[in-house]
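Single-structure report; data block below.
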Amino acid sequence: MKYYHPHHYHIYGIHIVSAIKLDTLSKKHIRLPVDLRITLNTTHIGVFEENLFDATPDRLSLTIKHVAKFVVTQGQTIEITPSLGAALEDIKTYLLGSAIGAALLQKNCTLLHASVVIMDNKAIAFMGASGAGKSTIAQCFAQAGYPIYSDDICAIWWNDHNQPIVYPGPAHIKLWSNTFDLLKVQRSAPLTSAIRDTDKYIVPSCPQPHQAISLHKLYWIQDHASETCITSLLGKDKLTSILSNLYRPEFIEPMALNKDTVAACTALAQQVDVSIIARHKGPDSIEHIVSGVQKNLEET
């Protein structure tokens, strides 16, 4: 495994200094303050044979079998202890997912399990469970000219007017191999597996300026519909949909974030429109979703 000198990045609205080079993050000129430091424990290589998770309000420890142990403290540091024989790309995947997510939660950022695209300088987020098609839909919008702002994690902050805003995530998207054929995605260069020995790959996307964009609309993707349709939600159903799509909800209770999370999601439901996309799994459903969302946004 190859290790690197510290690198400075911007991601999800914070300044990161990382001991690991993270190619798809927006580089930042060296300048204080630093919001999060990512360090590498090079004095000890672990042998991690099972997945483990433990958390308190100020500290989260996450061990991924055969990959690494991540210790996230007070939203300020992430210490990585690699597992013997771990692939660096696997470590990066979990670092930019669950570990960064834990640090953002410790900073009282609201996280949704969603991919975000930009339309008319507004953020549109597609929420859903793993496998629902968030990344596939985001990639389809990117091919229609709407840039991807983040994949899998929608990190929500609040501006001085108490309005929800988002910042860009890594400049990549993770796609299953069958999606390449479905969307006719060109493989111009060898791609890296998101996780070793899986059929999911990291596809570079167009880097976006690190600036806050207003969160305008949430769509909750649900499968098993007889046809693709979009339905607006109202009242408590909006809040339920948001709470049903939190990123790493298992972190919330042990980190003592239940009250703050419900409050933030309630405020979000009061300010942002939410709709359900009932998705038919047919091969033409993605194109119907894109045209349906465009029409829906014009009408709201």
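Only the coordinates and a few stated rules stand behind these numbers; no lab work does. Note that the structure is predicted; figures quoted are calculated from it, not measured. Here Cβ is always computed from backbone atoms with ideal geometry, including for glycine, and neighbour counts include all displayed protein chains.
Okay, here's what the table says:
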| item | result |
| --- | --- |
| The chain pair-distance distribution - Cα-Cα, 20 Å bins, rounded % | 34, 59, 7 |
| From phi via Karplus (6.51, -1.76, 1.60), per-residue ³J(HN,Hα) for segment 60-73 in Hz, x at Gly/Pro | 10, 10, 10, 10, 10, 3, 6, 10, 5, 10, 10, 10, 10, 10 |
| Peptide ranges 63-74, 103-114 listed from the most packed, as the mean C-beta count within 10 angstrom indicates | 103-114, 63-74 |
| Vicinal HN-Hα couplings computed from phi for segment 108-117 (Karplus, 6.51 cos²θ - 1.76 cosθ + 1.60; Hz; Gly/Pro x) | 6, 7, 8, 10, 10, 7, 7, 10, 10, 10 |
| Rg in Å to one decimal, and Dmax rounded to a whole Å, for segment 100-236 via C-alpha atoms | 15.4, 47 |
| Under the Debye formula (equal points on every Cα, no solvent term), log10 I(q)/I(0) of segment 7-106 at q = 0.13, 0.14, 0.19, 0.23 Å⁻¹ | -0.42, -0.48, -0.89, -1.24 |
| Where Cα atoms sit under 25 Å apart: lysine pairs in segment 7-106 separated by 8 or more or lying on different chains | 7 |
| Helix-only mean residue ellipticity at 222 nm for the chain, each DSSP H run of n ≥ 4 adding -39500 (n - 2.57), per residue, nearest 500 | -6500 deg cm²/dmol |
| Dipole in debye (nearest 20) - the chain, about Cα centre, beta carbon charges: Lys, Arg +1; Asp, Glu -1 | 620 |
| Qualifying GluC sites (Glu not before Pro) for segment 205-300 [loop in DSSP, other Cβ within 10 Å: at most 16] | 227 |
| Anisotropy class of segment 180-300 from Cα gyration tensor, a/c 1.5 cut | oblate |
| Cα-centre dipole for segment 7-106 with unit charges at Cβ (Lys and Arg positive, Asp and Glu negative), debye to 20 | 400 |
| Residue with peak Gaussian network fluctuation, the chain [Cα springs, cutoff 10 Å], from 247, 219, 201 | 201 |
| Ascending count of other beta-carbon atoms within 10 Å, so fewest first, for 220, 158 | 158, 220 |
| Footprinting exposure proxy for 16, 165 (fewest neighbouring C-beta atoms within 10 Å first) | 165, 16 |
| Equivalent ellipsoid dimensions for segment 189-238 as semi-axes, Å, which come from the Cα gyration tensor, largest first | 31, 22, 10 |
